[in-house]
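The values are calculated or read from the model by the stated rules, or taken from the named source; none is laboratory data. The model shown is predicted, which means the values in this text are computed figures rather than measured ones. Note that each Cβ is placed from the backbone with ideal geometry, even for glycine, and that neighbours are counted across all protein chains shown.
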Amino acid sequence: MGTDPYWAIGLSRNPFIAESLPEVPAALWIDRGFSAAPLVQTQRLVQILGEKGAGKTSHLKHWQQQAPGPYCYYPDGMARWKLPPVAAIAYWDEANRIPLPLLLQRFWQARQQQATIVAGTHADLSRWARLMGLTVQTIFLPALDVDALMAWAHLRIGAVRRSDLNPPQLVLSREQAAKIVAIAGSSWREAAVHLHIWAANAANAQRQMDSAGF
Amino acid sequence: MIDVTLLQSEVTVGETLSGRMTWTASSQKQPKEIKISMGWRTEGRGEVDRQTVEEIRLGEDRFSANGAVYSDFNFPIPRSGPVSYDGSLIRIIWEVRIVVDMPGFFSRDDKETYGFRVLPQPILSDRSRSDGY
Amino acid sequence: MKFEVSKNIKVQTLSSSPPQKTPEGFLLIDQDDAWSWGKFGFGLFFLLIWLGVSLPILIVALREIANATGPADWVGLLIPLLFTGLGLVGLLWFLRGLLMVYRIAPGELILSQWPLRMGETYQVRYRRQLRGGKRTTQAGQVAAKLVGYEWVRYRQGTDTRTDTSTFCEQSLPSGEVFAGSSKASLDFQFQIPLQGPPSFEASDNQIRWEIQVTLTLPKLVKDTSKFRLWVDPEVIQ
């Protein structure tokens, strides 16, 4: 693929393409202090709070790989009128969208079964969980920071390098990372879009230089 | 083992991509079918879109006793494209894809892809300007 | 011999309406400027429901304020006030849209050729007619630009998100709308850059070209019409 811009910088493709599945492969996981899955059967709500794109779903999926249990995603609109699963450990994503009557019933059910409910949510559900007799653990996902972004970018770039012999010619500088963090706010998803654009621009620039004989 | 030789690494819309596919057996097993297809896919920040534009299927009657198969192909590129593209959020990638369907439930199919570029059609402007207003 | 060729060629077309061929040229109309029963009907229905629920609650809350004994009692007024406020803002926005559709016809763009090609120059006329014999009382402005951008869509669960990245933005000639005019119009030329890229339209990945025209008529309208272009994979030499 002589004209592939990513080959020109030692990569098989852009490291930051959107993944079809929300779970992060173990080799690309960045520890932000909450990598260990919650314990099962604790009669507890473990809620993970964060802005959009902060990594709530990624954490739920990462924990589910360690402590398997049913996972349920709550969309907007009428489709959210469905009972969330309750099991030894169960994962509810966008739990703030669960209609209150269903939420209360399932919290009560979880208490009866001494279940652990792990919820990704934008709103604090502790009041309702305590009302139904569950203890609550709240995790606030830390804001996106430069070091975490650089570590994550480094892993992603390494995962698509073509050869172990030649290092990729794509390196995220601290300055560039800081600019992306400033634009993306707390959203890893936003940061990924900007990283994708950065990598694409670098690859295309290198290809143009190679074509011009530099 | 799959090997493909493309006569062009770049082809213009409306032209034909030509090449030869050669497959040699690495075991006693004969494939059920070999599929040679040409198409495009997207890669980037969006969900993947893809389309197979042309396809050839080689059946068992094409496989010789010594386990080698070869097939020439000539795939026309649609005039409507799309052309290859490397953008900030999207790439449009054209590929020839070979899938060797091996018999048996636990057998793994052999697969290879070979990329090439599709370019826009250069034309001389022959449209008269019709200033309708 | 078992030999099979399958064709699955997709014809690339614009999801928005293609231009009408007229004696003047190829006519594009910005449908977003036009009246739509669906759009306005739904908007009105939603607002009526919203205000129908929030206003009675606000009235009840206001009555209870009459018996307020301290600042804490006023807290109960905040939420209905906020919801009613949002509803009223929505109603104003809806009425503004309705007024604009009443006052001014959708924007039109007439192109000399269609579809377009990379490297080729086109003559264009933009126009937008005031309705009901109205005329502008003050001078206004028409400004156009050529925009090329990538559009992608991806899904997380059933949530859908889109992102765009602009690869080309060219300011085009602007013009004045004189006081006393019954319509705004602007003639100009533009060229699709040689390097393109050509238009591309798949479900979740698109390369779009648009002419965007912003019309500013003081005390009447400030609105941007967007006209989607189609650029074939052909480059002029």
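Only one of (1) within 14 Å of chain B (Cβ to nearest Cβ); (2) among the charged types (D, E, K, R); (3) in contact with a helix residue (DSSP H, G or I) (Cβ under 9 Å, 6 or more places away or on another chain); (4) surrounded by fewer than 20 Cβ atoms within 10 Å (Cβ to Cβ) is not met by C:D163, so which one is it?
If we test C:D163 against (1) within 14 Å of chain B (Cβ to nearest Cβ); (2) among the charged types (D, E, K, R); (3) in contact with a helix residue (DSSP H, G or I) (Cβ under 9 Å, 6 or more places away or on another chain); (4) surrounded by fewer than 20 Cβ atoms within 10 Å (Cβ to Cβ), just (4) comes out false.
With respect to the numbered conditions (1) modelled with pLDDT of 95 or more; (2) away from chain C (no Cβ under 14 Å), which one is the sole condition not fulfilled by B:F73?
Of the numbered conditions (1) modelled with pLDDT of 95 or more; (2) away from chain C (no Cβ under 14 Å), the odd one out for B:F73 is (2).
Can you tell me how many residues within region C:103-125 are away from chain B (no Cβ under 11 Å) and closer than 11 Å to C:I29 by Cα?
If we filter region C:103-125 for residues that are away from chain B (no Cβ under 11 Å), which is where we start, we get C:103-109.
Now drop any that are not closer than 11 Å to C:I29 by Cα, which leaves C:105-109.
The qualifying residues number 5.
Just the residues that are in contact with a Pro (Cβ under 7 Å, 6 or more places away or on another chain) and within 17 Å of A:A67 (Cα to Cα), please, taken from region A:104-128.
Here is the first cut: in region A:104-128, the ones in contact with a Pro (Cβ under 7 Å, 6 or more places away or on another chain) are A:106, A:116, A:118.
The answer is A:T116, A:V118.
Just to be sure I understand the filter: pairs with C-beta atoms under 6 Å, separated by 6 or more residues or on different chains, first member in region A:94-112 and more than 12 Å from A:A129 (Cβ to Cβ) and free of Cβ contacts under 8 Å to residues at least 24 places away in the same chain, second member of a type outside the set (F, W, Y) and assigned to a helix (DSSP H, G or I). Which pairs pass?
A:R97/A:R80
Which of the numbered conditions does A:A123 fail, given that it passes all the others? Conditions: (1) surrounded by fewer than 19 Cβ atoms within 10 Å (Cβ to Cβ); (2) at pLDDT below 90.
(2)
Which of the strands (runs of 3 or more DSSP E) found entirely inside region B:23-87 contain at least 3 residues meeting this: within 20 Å of the chain's Cα centre (by Cα) and crowded, with 21+ Cβ neighbours inside 10 Å? Let's see the steps before the verdict.
Numbers: elements: B:33-44, B:50-58, B:68-76.
Of the strands (runs of 3 or more DSSP E) lying wholly inside region B:23-87, those with at least 3 residues that are within 20 Å of the chain's Cα centre (by Cα) and crowded, with 21+ Cβ neighbours inside 10 Å span B:33-44.
Would you mind stating whether C:F26 is away from chain B (no Cβ under 14 Å), modelled with pLDDT of 70 or more and more than 30 Å from B:R62 (Cα to Cα)?
Working: away from chain B (no Cβ under 14 Å): no; modelled with pLDDT of 70 or more: yes; more than 30 Å from B:R62 (Cα to Cα): yes.
Criteria not met by C:F26.
Which residues, taken from region A:8-59, are touching an Asp or Glu at 6+ places or on another chain (Cβ under 8 Å) and either farther than 17 Å from A:A159 by Cα or modelled with pLDDT of 85 or more (or both)?
First pass over region A:8-59, keeping only residues touching an Asp or Glu at 6+ places or on another chain (Cβ under 8 Å): A:8, A:13-14, A:17-18, A:20, A:47, A:49, A:53, A:56-58.
A:A8, A:R13, A:N14, A:I17, A:A18, A:Q47, A:L49, A:G53, A:K56, A:T57, A:S58, listed by residue number.
Which pairs do you get when a residue that is modelled with pLDDT under 90, found in region C:125-147, comes within reach of a residue that is surrounded by fewer than 20 Cβ atoms within 10 Å (Cβ to Cβ) and part of a strand (DSSP E or B), reach meaning Cβ atoms under 7 angstrom, with the pair 6+ apart or on two chains?
Correct list of pairs: C:L130/C:K183; C:A139/C:E176.
Mind listing just one residue for me: the one in region B:7-22 that is aliphatic (A, V, I, L, M) and buried (at least 19 other Cβ atoms within 10 Å of the Cβ) and, of those, nearest to the other protein chains (Cβ to nearest Cβ)?
B:V13
Inspect region C:176-197 for any residue being surrounded by 19 or more Cβ atoms within 10 Å (Cβ to Cβ) and at the interface with chain B (Cβ under 10 Å from one of its Cβ atoms) and give the result as yes or no.
Yes, the conditions are met somewhere in region C:176-197.
If A:E19 meets every condition in (1) farther than 30 Å from A:R162 by Cα; (2) free of Cβ contacts under 8 Å to residues at least 12 places away in the same chain; (3) among the charged types (D, E, K, R) apart from one, which number is that one?
(1)
Please find, within region C:201-237, the residue that is nearest to the other protein chains (Cβ to nearest Cβ) out of those that are in a strand (DSSP E or B) and of a type in the set (S, T, N, Q).
C:N205
Take the residues in region C:126-155 that are hydrophobic (A, V, I, L, M, F, W, C) and within 19 Å of the chain's Cα centre (by Cα), then tell me which one is nearest to the other protein chains (Cβ to nearest Cβ). Please lay out each step first, then the result.
As a first pass, look at region C:126-155 and keep what is hydrophobic (A, V, I, L, M, F, W, C): C:130, C:139, C:142-144, C:146-147, C:151-152.
Restricting the remaining residues to those that are within 19 Å of the chain's Cα centre (by Cα) gives C:130, C:142-144, C:146-147, C:151-152.
Working: C:L130: 19, C:V142: 16, C:A143: 20, C:A144: 16, C:L146: 17, C:V147: 14, C:W151: 8, C:V152: 3 Å.
Only one residue tops the list, namely C:V152.
Pick out, from region A:73-156, the strands (runs of 3 or more DSSP E) lying fully within it that include 2 or more residues that are within 14 Å of chain C (Cβ to nearest Cβ) and of a type in the set (F, W, Y).
Numbers: elements: A:89-93, A:116-121, A:135-140.
The strands (runs of 3 or more DSSP E) meeting that bar are A:89-93.
Kindly evaluate A:Q47 against the criterion of being farther than 21 Å from A:L131 by Cα and touching a strand residue (DSSP E or B) at 6+ places or on another chain (Cβ under 6 Å).
On the way: farther than 21 Å from A:L131 by Cα: no; touching a strand residue (DSSP E or B) at 6+ places or on another chain (Cβ under 6 Å): yes.
For A:Q47, the condition - farther than 21 Å from A:L131 by Cα and touching a strand residue (DSSP E or B) at 6+ places or on another chain (Cβ under 6 Å) - is not met.
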